[in-house]
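Here the structure comes first, spelled out in structure tokens, and everything after it is commentary.
The values are calculated or read from the model by the stated rules, or taken from the named source; none is laboratory data. Treat the numbers as computed from the prediction; the structure is a model and nothing was measured. Because the Cβ atoms are built from the backbone with ideal geometry, glycine has one as well, and the counts that use them run over all protein chains shown. Ligands, DNA and RNA are stripped out before the accessible areas are found, and what is left, the full protein with its side chains, is counted by its heavy atoms. Shrake-Rupley method; radii C 1.70, N 1.55, O 1.52, S 1.80 Å.
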Amino acid sequence: MGPYTRVRVLLTASLLAAVFGPAEPGALEPDRVARAVSVQGTVEAQRAGGSDWAPVKLDEAFAAGDTIRVGPRSRAVVALLDRSVLRLGEGTTVKLRAPGPERSGVVDLLRGAVHFLTRGPRSLDVNTELVSVGVRGTEFIVTAEADATSITVFEGAVLAENAQGSLTLAGGQSAIAQRGQPPALRVVARPRDAVRWALHYPPVLDVRPADLVREAGVQEQLRLSLTAYRLGNLAGAFAAIAEVPPSADVRLLTYRAQLLLAVGRVDEAAADLERALAASPHDPGALSLQTIVAVVQNDRDGALRLARAAVEAAPASATAHLALSYALQSRFDLVGARSSVERAVALDPQDALAWARLAELHASFGEVGAALEAAQRASALAPELSRTRTVLGYARLAEVNPSAAEREFERAIALDSADPLPRLGLGLARVRRGELDRGARDIEIAANLAPNDALVRSYLGKAYFEEKRAGLDEREYATARDLDPLDPTPWFYGAIAKQAANRPVEALWDLDRAVELNDDRAVYRSRLLLDSDLAARSASLARIYGDLEFQQLALAEGWRSLAADPTSDSAHRLLADSYAALPRHEVGRVSELLQAQLLQPLNVTPIQPRLAESNLLLAG
């Protein structure tokens, strides 16, 4: 079989139907096969036929034959034209090949680790020296070393094969192919730990020039590093402090730990934090960063314990209260999270990250004006920080101003292309503007940037539902439920999808589960509040009742929905549908239809033609 062996994904008939959709228009020029959608640190490219290496810029396009390499303490994300997204880890080198048969993508992984998320209609072939992976519609990670290649499959099924033998891998399984040996299964207790280096850790330390270490010959280096960091230049931030001698200064150690977390070097960051706590056992900055690590790695109990220890050790620390807000939100205590951030901004009104976090939580409660005010305050304090631009974008999105939101998200991505939140927001803004294809691509990139984030997976499933890519949406909802069993969002969206697929009984079960996870409250609240709480829940529940021919219950739910939010287009649409089954309700039906059309945002879900009445005869 030559220097490469072959691995093929085994697809069931249902998965084939989900994956092979209509071909989408290419987003790149005809001779281009990929583009860089995230660049952190030192990332270089060597053009086909050339010998020089040049720095890679955000949104730079690549042709077949180009080689990309990622330096130390660096990461990158590359999107292929076949709608596959590749997350390249530190020390990784890949070569892009010309598309194969049926325009399938081809990538040679020369060394390093790559996380793949592929949902395109065509296949993706990944070659290493010891194994090759042929993929259609799956998620997996491949690590290529000198004498071994390891594969971990999160979704789908993979056939690993070489001259010595073959092995079929299902979702959740891992294997290793060593030189001269057949692929063999290996037990991995927590398969998703393999992508810890790809996770995003939100910053909590608002480091300012006044916080710099005042040691001779060190302060200027730290100032240069901080300036580079605030501008999103992580390579420059690391380079500026590369010659700083080892120090037990807690401020230096915590600052460097935050830099390391920004590029996914969680083990190195943990070592710095341990040194910081050895020097100062109750340092709030170190405990706060440990809290963020625990939150991102889904250790809710550990995160809450660390955050409370930070607040107890330093009650006047804004950073400690900010970290506590993340720990509380991970347990769906939004009220407590907001109170904690309000305490943080009261303690330090100059903390831009605290104001940005407050804007985010105001938006979660639907407080658009307060969210916008806090976001503007954060942006005024630190306009160069990605997080402040991100929350400003979400505030604009809550105002139903997707064009302004898109501009803010693009600025945030330019400052920190590895943060999944602005990429998710950009996708949502584009979907709201009616650009479904572009929006779904952005949400796929966000899912690659945050592979273990249940919320992002839920919205990716919602995007697939809007694209009518049956099967893929349910897979994302299932992944979201596995990642976070306490999040009601995937259950809520799953109910909508099942209702649309004429599975009303299953839809009712899912919706009841969503309400149960939401503390049995009558008001359903998604974590980004992009659906109108009670109105969205009641409208969806009423549609299910209607499908089950519980007509009176459907009407009652529709009326409750409108009482909660008279501006809900989905509630007006529901009543229009419900009145269609009743005699002598034509006027009410057309009135509700008209209001639904006037209130609905731009989307891909049209009003049913049977409801589009005109010239209705009314008695004078």
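Please verify whether Leu530 is within 24 Å of Ala371 (Cβ to Cβ), modelled with pLDDT under 75 and in contact with a helix residue (DSSP H, G or I) (Cβ under 9 Å, 6 or more places away or on another chain), treating the condition exactly as stated.
Yes, satisfied.
May I ask you to verify whether Arg430 is open to solvent by 40 Å² or more (accessible area, probe 1.4 Å) and part of a helix (DSSP H, G or I)?
no
I need the strands (runs of 3 or more DSSP E) fully contained in region 42-109, keeping only those with at least 2 residues that are within 15 Å of Val126 (Cα to Cα) and under 25 Å from the mean Cα position of the chain (by Cα).
Answer list for region 42-109: 75-80, 84-88, 93-97.
Can you tell me which condition Ala374 does not meet? The list is (1) open to solvent by 40 Å² or more (accessible area, probe 1.4 Å); (2) more than 20 Å from the chain's Cα centre (by Cα); (3) on the phi < 0 side of the Ramachandran plot; (4) hydrophobic (A, V, I, L, M, F, W, C), and all the others hold.
(1)
Quick check, is Ala395 buried (at least 24 other Cβ atoms within 10 Å of the Cβ) and on the phi < 0 side of the Ramachandran plot?
It is true that Ala395 is buried (at least 24 other Cβ atoms within 10 Å of the Cβ) and on the phi < 0 side of the Ramachandran plot.
Name every residue in region 563-574 that is among the aliphatic types (A, V, I, L, M) and either surrounded by fewer than 20 Cβ atoms within 10 Å (Cβ to Cβ) or modelled with pLDDT of 80 or more (or both), in order of residue number.
Ala563, Ala564
Look through Glu29, Glu102, Glu24 and report the one residue that is in contact with a helix residue (DSSP H, G or I) (Cβ under 8 Å, 6 or more places away or on another chain), modelled with pLDDT under 95 and not hydroxyl-bearing (Ser, Thr, Tyr).
Just a single option satisfies the conditions, and that option is Glu24.
Among the numbered criteria (1) in a helix (DSSP H, G or I); (2) within 18 Å of Pro72 (Cβ to Cβ); (3) touching a Lys or Arg at 6+ places or on another chain (Cβ under 9 Å), which single criterion is violated by Ala228?
Going through the list (1) in a helix (DSSP H, G or I); (2) within 18 Å of Pro72 (Cβ to Cβ); (3) touching a Lys or Arg at 6+ places or on another chain (Cβ under 9 Å), Ala228 breaks only (3).
Please go through region 312-327 and give me each residue that is touching a Leu at 6+ places or on another chain (Cβ under 9 Å) and surrounded by fewer than 22 Cβ atoms within 10 Å (Cβ to Cβ), ordered by number.
Matches in region 312-327: Ala313, Ala314, Pro315, Ala316, Ser317.
Restricting to region 342-382, name every residue that is touching a Lys or Arg at 6+ places or on another chain (Cβ under 8 Å) and not in a helix (DSSP H, G or I).
Gln350, Phe365, Ala382
Does at least one position in region 463-472 carry a residue that is of a type in the set (A, V, I, L, M), surrounded by fewer than 24 Cβ atoms within 10 Å (Cβ to Cβ) and either over 24 Å from Ala371 (Cβ atoms) or at pLDDT 90 or above (or both)?
yes
I'd like the full set of residues that are open to solvent by 10 Å² or more (accessible area, probe 1.4 Å) and touching a Ser or Thr at 6+ places or on another chain (Cβ under 6 Å), limited to region 71-89.
Scanning region 71-89 gives a single hit, Gly71.
How many of the residues in region 154-196 are touching a Ser or Thr at 6+ places or on another chain (Cβ under 9 Å), in contact (Cβ under 8 Å) with a residue 24 or more places away in the chain and assigned to a strand (DSSP E or B)?
Residues meeting the conditions: 14.
I'd like the residue in region 320-379 that is under 24 Å from Leu517 (Cα atoms) and aromatic (Phe, Trp, Tyr) and, out of all such residues, is modelled with the highest pLDDT.
Tyr326
Being more than 26 Å from Arg481 (Cβ to Cβ) and open to solvent by less than 30 Å² (accessible area, probe 1.4 Å) is the filter here; which residues of region 143-173 pass it?
Ala144, Ala148, Thr149, Ser150, Ala160, Asn162, Gly165
How many residues does region 337-358 hold that are over 18 Å from Ala395 (Cα atoms), charged (D, E, K, R) and open to solvent by less than 10 Å² (accessible area, probe 1.4 Å)?
So the count comes out to 1.
Residue-by-condition table, conditions (1) modelled with pLDDT under 90; (2) assigned to a helix (DSSP H, G or I); (3) surrounded by fewer than 22 Cβ atoms within 10 Å (Cβ to Cβ); (4) hydrophobic (A, V, I, L, M, F, W, C):
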{"site": "Leu222", "(1), (2), (3), (4)": "yes, yes, no, yes"}
{"site": "Gly232", "(1), (2), (3), (4)": "yes, no, no, no"}
{"site": "Pro245", "(1), (2), (3), (4)": "yes, no, yes, no"}
{"site": "Arg251", "(1), (2), (3), (4)": "yes, yes, yes, no"}
{"site": "Arg256", "(1), (2), (3), (4)": "no, yes, no, no"}
{"site": "Ala278", "(1), (2), (3), (4)": "no, yes, yes, yes"}
{"site": "Pro281", "(1), (2), (3), (4)": "no, no, yes, no"}
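Pick from Leu449, Leu436, Leu415: which is in contact with a helix residue (DSSP H, G or I) (Cβ under 8 Å, 6 or more places away or on another chain), closer than 18 Å to Ala480 by Cα and not polar (S, T, N, Q)?
Matching residue, one of Leu449, Leu436, Leu415: Leu449.
For residues in region 479-501 being more than 18 Å from the chain's Cα centre (by Cα) and open to solvent by 50 Å² or more (accessible area, probe 1.4 Å), which is farthest from Val153 (Cα to Cα)?
Ala500
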